[in-house]
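S.K.: The structure under discussion is supplied below as structure tokens; questions concerning it will follow.
The values are calculated or read from the model by the stated rules, or taken from the named source; none is laboratory data. Predicted model, so just to flag it, every value in this text is computed and none were measured. Neighbour counts are summed over all protein chains in view; Cβ atoms, including those assigned to glycine, are modelled from backbone coordinates with ideal geometry. Accessible surface areas use protein heavy atoms only, side chains included; no ligands, DNA or RNA. Shrake-Rupley method; radii C 1.70, N 1.55, O 1.52, S 1.80 Å.
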Amino acid sequence: MLAGVANKIRMPRCYRGVELDINDDFGGGWLQVLDQLDEAVIVLDHERILRHVNHAARRLLGYEEGQPIGGRCRLTTRGVDCENACPLTFALETGLKSVEDFSTVYHAVDGRALHLDVTVIPLAAAGGEFRGAVEILRPNHPRPGFFTCGQSDVAAGLQRQAAALAGREGDVVLVGEGPSCRDVARTIHRFSGLPDELFSEWSGAWPDTPPWPPGTVYAFGHGHFSELESGRPEGWRIIVGMLTRERDLDGREVWELPDIADLSGDLNRMIGAWVDELAPGKSVSAAALERLVSIACESGLEEVERILETALAAASDRVDVHHLPEDGQRTVLVDELLKNDKPLAALEERVVREVVERCGWRMQDAAERLGISRVTLWRKMKDLGIERNS
């Protein structure tokens, strides 16, 4: 049932309520209990006016003690889902006694984005009329990408900047290597409270991108802004990565990412997180990690990305040093293929099988990823002897 909320369905507000008396219904004793809780709690009346905000909620929302807070809930919290997918409305429309751990984003009084899991409990009178609600706000910190996951001061600064950009509107230009720009763009998207499913890489045409709900589209390379801005669906945010800064970027937020040398102390953690991002469940040995760090320092993240693609395809559960090139040119994948009597056919079989498995054996998804028709994919799988139980 929660899919209706998660998919941002607009629901009518057509229920009746009776006034909540904060003193009669809660009393001074209960309000003192709420103020002693470590969790942030707010109490609304039947018109969704804030009637009580406990101390923890004040701190979370950035209000000083004694500073007045009032008005409608959505005007105070400025939640991203208040208009189209309010969990309280969902509970009232469906008759649920509560909606638990609804992931959303509220905004503090200074504009900071607050990633929260919100539990909403409607309050009813003896006759069943809606009297108000209690909301419990639990911080839910989104996972940063590999480029911003370090523990150094530089990495902490990256996370702060990503969070700041996530809390603001407007398009963004990232200057740096391709892998780092793509990862930071995804981190900004996550920090804005949106799921990974609404992060799209530019395919060359807006019709290939679903118009609703709006998300983030990312492209790498100079000159993308003009085609991206033409026909953009309402609400979509554009983030463009580029290797060097262009001159004509007036009015756009530009963020020049730090060099790998500035993050040298974080590289072990970064590459480990990158492996987990590319192939969840796979790990990397200490020796392989040391070599990948060395490659990153010498050749940059573009080279590491190229090597990881073949190494992860060759490795089963763990990337080890023998999966990596020794001189930057040869790869273990090619060595393994050359052991076969028909290396090109073996390569095709490996690529097709890997893509089909990554797509969860969804033939249409795999065919689109390979750039062929579904019929052609079925024919190739039959010719190459690829079966689900093989």
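S.K.: Where the only charges are on Cβ atoms (+1 Lys, Arg; -1 Asp, Glu), what is the dipole of the stretch 176-287 about its Cα centre, to the nearest 20 debye?
M.R.: It comes to approximately 180 debye.
S.K.: Please report, as a whole percent, how much of the solvent-accessible surface of the chain comes from carbon and sulfur atoms (probe radius 1.4 Å).
M.R.: 48 percent
S.K.: So, counting K/R as plus one and D/E as minus one, what does the shell of residues with Cβ under 11 Å around residue 142 add up to?
M.R.: +2
S.K.: Now for a different question. In the stretch 74-140, what GluC sites (Glu not before Pro) fall in a loop by DSSP, with at most 15 other Cβ atoms inside 10 Å?
M.R.: Sites meeting the loop and neighbour criteria: 83, 129.
S.K.: Keeping to pairs on different chains or 8 or more places apart, tell me how many lysine pairs in the chain have Cα atoms under 26 Å apart.
M.R.: Final tally of qualifying lysine pairs is 6.
S.K.: Residue 117 to residue 317: extension gain in nm, 0.36 nm per residue of separation minus the Cα-Cα distance?
M.R.: Between residue 117 and residue 317, full extension yields 68.7 nm more.
S.K.: Relative contact order of the chain, please, whole-number percent, based on alpha carbon pairs below 8 angstrom and at least 6 residues apart.
M.R.: Result for the chain is 11 percent.
S.K.: Follow-up question, since we're still on this one. Just subtract the alpha-carbon distance of residue 383 and residue 229 from 0.36 nm times their residue separation and send over the number in nm, one decimal.
M.R.: 51.0 nm
S.K.: What number, rounded to the nearest 500 deg cm²/dmol, is the helix-based mean residue ellipticity at 222 nm of the chain, given -39500 (n - 2.57) per DSSP H run of at least four residues and division by all its residues?
M.R.: -11500 deg cm²/dmol
S.K.: Here is a follow-up. For residue 341 and residue 376, what does the FRET efficiency come to when R0 = 25 Å and r is the distance between their Cβ atoms, rounded to the nearest 0.05?
M.R.: Plugging the Cβ-Cβ distance into 1/(1 + (r/R0)^6) gives 0.55.
S.K.: How much area per residue is accessible in the chain when the probe is 1.4 Å and only protein heavy atoms are counted (Å²)?
M.R.: 53 Å²
S.K.: Among 373, 108, 44, pick out the residue whose Cα is farthest towards the positive end of the charge dipole of the chain, where Lys and Arg carry +1 and Asp and Glu carry -1 on C-beta, about the Cα centre.
M.R.: Sorting the options by dipole projection puts first 373.
S.K.: So, in nm, how far is label residue 109 from label residue 67 when the simple model puts each one 7 Å beyond its Cα toward the Cβ?
M.R.: The answer from the label model is 0.2 nm.
S.K.: Taking the Cβ-Cβ separation of residue 351 and residue 39 as r and a Förster radius of 41 Å, what is the calculated FRET efficiency to the nearest 0.05?
M.R.: 0.25
S.K.: Under the classification rounded if a/c is under 1.5, otherwise prolate if a/b is larger than b/c and oblate if not, where does the stretch 97-151 fall, given a ≥ b ≥ c as square roots of the Cα gyration tensor eigenvalues?
M.R.: prolate
S.K.: Continuing with this model, one more query. Kindly provide the Kirkwood hydrodynamic radius of the stretch 143-199 in Å, to one decimal, from all pairs of distinct alpha carbon atoms.
M.R.: 11.4 Å
S.K.: Moving on to the next point. Answer with a single label: of [x] 1.06; [y] 1.20; [z] 0.94, which was calculated as Cα Rg over 2.2 N^0.38 Å from the structure in view?
M.R.: Matching entry in [x] 1.06; [y] 1.20; [z] 0.94: [y].
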